[in-house]
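These notes are about the structure you will find just below.
The values are calculated or read from the model by the stated rules, or taken from the named source; none is laboratory data. Nothing here was measured: the structure is a model prediction, and the numbers come from that model. With ideal geometry, Cβ positions are generated from the backbone for all residues, glycine too; neighbour counts draw on all protein chains shown. To get the accessible areas, we keep the full protein, side chains included, count just its heavy atoms, and leave off ligands, DNA and RNA. Shrake-Rupley method; radii C 1.70, N 1.55, O 1.52, S 1.80 Å.
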Amino acid sequence: MKYFDVYELIERDELKELQLNRLRKTVQRVYTNVKPYADKMDEAGVKPEDIRTLDDLRRLPFTVKQDLRDNYPYGLFACPTDEVVRVHASSGTTGKQTVVGYTRADLDIWNNITARAMCAAGATKGDFVHVSYGYGLFTGGLGLHGGAEKLGAATIPVSTGNTKRQLQIMRDFGSSVLCCTPSYALVLAEAIKDSGIDRSELKLKCGIFGAEPWSENMRRQIEQQLQIKAYDIYGLSEIMGPGVAYECSEQNGMHLNEDNFIVEVINPETGEPLPDGEYGELVITCITKQALPLIRYRTRDITALTHEPCGCGRTFVRMMRPRGRTDDMLIIRGVNVFPSQVEHVLLSMEGIVPQYMIVVDRIDNLDRMTVNVELSPDMPFDAIRLLEQKERSIKKALESTLGISAEVHLVEPKSIQRVEGKSVHVIDNRVLD
Ligand code: DLL
């Protein structure tokens, strides 16, 4: 089976008609049901009936992460809460989560698009899909899980952690498709080598990797070390989760599921649309979502689009690997971390000053985050037990807010370099190539 459904081959003209139809319905829906959207549209002087062509999309105001925070938790939902059957969340900028919801129909669509991704990677009924993305509020685990089940594959919901156990399951259960972050794929590859398991004992044939930036070089390493084909998958919780875009056998850009989303790439400074091939910020409009249909959502991801026909036959536009972000969000072991969250935690602790530096390294393919923070001048720097205690309590507070562990080092007052102008709080030593 090469395609999951016929929509993947839709003629562009037919697609545009479908998109316009769905866009108009969605805009009407949010205007009627979501007050913050109605207010924004009134302010911009645009009514749902003004959307007559796809180009009219540009008349609609953008949505940003702050809008989700301002309307925390359910203020942007476009359906009654009793129609919501699932809630997920991802980290916000200052501790508040970004909450997203799905109706039954939304979950069906989500399963469909992740099933497309699996199918494009060569997975079929009969495969054993090993899902090592985290299960829980993060969309990775349950997102890929739904797609694998929809495809009719046997889904193994392993979730993250315990690498030794992952290998045992992989070998004993006959995992043939691996879903995890690309960095964890390399950790698994290393562990397989160290464990003495012979590659012939494993049935792995392909992997679907995403949730963090990676490179062609990393793809080559994964493919070589695990002896599988490695495919990219893109997504974000605000829009759906994994599966917003997916790679096909050509491995040359990810097809955006345009029957469900309208995509634009804009100049992040001016908001003006950019032509194919030019890098800018990806903006996505949901046209089939019921619970949380975001309009012109600024993803902060930097990418470029291409409408060049793809060798696989799919007609959906492709996006290039995201090249970075327009904000300061870090992705550490697949978890989104904003420096402002770290600052928020530090400000709530006593005995330190909010002078800090976050250092991110990748050691043995695993991200490591260290937070260096200055002790306040009135704290004795030589009271070792006290310092250790303090470090432990900061570590605990960070872990509970961020959802990942960090090393904490207390450093002497005034030892963190002060900069003039925009302060620098992050040193990211990870090299992608
Ligand atoms: O990471 C959803 C996901 C799960 C995608 C599993 C793929 C696989 P969030 O936690 O909301 O959702 O983080 C979204 O992660 O805006 C990008 O910056 C980054 N990201 C996701 N996929 C890729 C990728 C999930 N393939 C944020 N390449 C996005 C580069 C990616 N960055």
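Here the strands (runs of 3 or more DSSP E) wholly within segment 39-155 that include at least 3 residues being in the same structural domain as Ile169 (by TED's automatic domain parsing) and over 21 Å from Glu258 (Cα atoms) are 84-90, 128-131. For segment 359-398, taking the residues that are at pLDDT 95 or above and open to solvent by 70 Å² or more (accessible area, probe 1.4 Å), the one that is nearest to Ala191 (Cα to Cα) is identified as Arg368. Considering segment 65-94, and only residues there that are among the β-branched types (Val, Ile, Thr) and within 20 Å of the chain's Cα centre (by Cα), the residue that is surrounded by the fewest Cβ atoms within 10 Å (Cβ to Cβ) turns out to be Thr94.
Here segment 131-145 is the region considered, the condition is being open to solvent by less than 10 Å² (accessible area, probe 1.4 Å) and without any contact (Cβ under 8 Å) to a residue 60 or more places away in the chain, and the residue that is farthest from Ile197 (Cα to Cα) is Gly141. Here the condition is being open to solvent by less than 10 Å² (accessible area, probe 1.4 Å), within 16 Å of the ligand (Cβ to nearest atom) and either over 20 Å from Met319 (Cα atoms) or not assigned by TED's automatic domain parsing to the domain that holds Asn111 (or both); of Val177, Val244, it holds for Val177 alone. Of all residues in segment 108-130, those satisfying the criterion of being among the charged types (D, E, K, R) and open to solvent by 30 Å² or more (accessible area, probe 1.4 Å) are Asp108, Lys125.
Search segment 399-430 for residues being surrounded by 13 or more Cβ atoms within 10 Å (Cβ to Cβ) and in a helix (DSSP H, G or I), and hand back the single one that is modelled with the highest pLDDT. Checked segment 399-430; the qualifying residue modelled with the highest pLDDT is Glu399. Regarding segment 157-166, can at least one residue be identified that is out of contact with any Cys (no Cβ under 9 Å at 6 or more places or on another chain), within 25 Å of Cys312 (Cβ to Cβ), within 14 Å of the ligand (Cβ to nearest atom) and part of a loop (DSSP other than H, G, I, E, B)? Within segment 157-166, none of the residues are out of contact with any Cys (no Cβ under 9 Å at 6 or more places or on another chain), within 25 Å of Cys312 (Cβ to Cβ), within 14 Å of the ligand (Cβ to nearest atom) and part of a loop (DSSP other than H, G, I, E, B). Filtered by the rule that a residue be within 11 Å of the ligand (Cβ to nearest atom) and crowded, with 22+ Cβ neighbours inside 10 Å, segment 202-231 gives Ile208, Phe209, Gly210, Ala211, Trp214, Tyr231.
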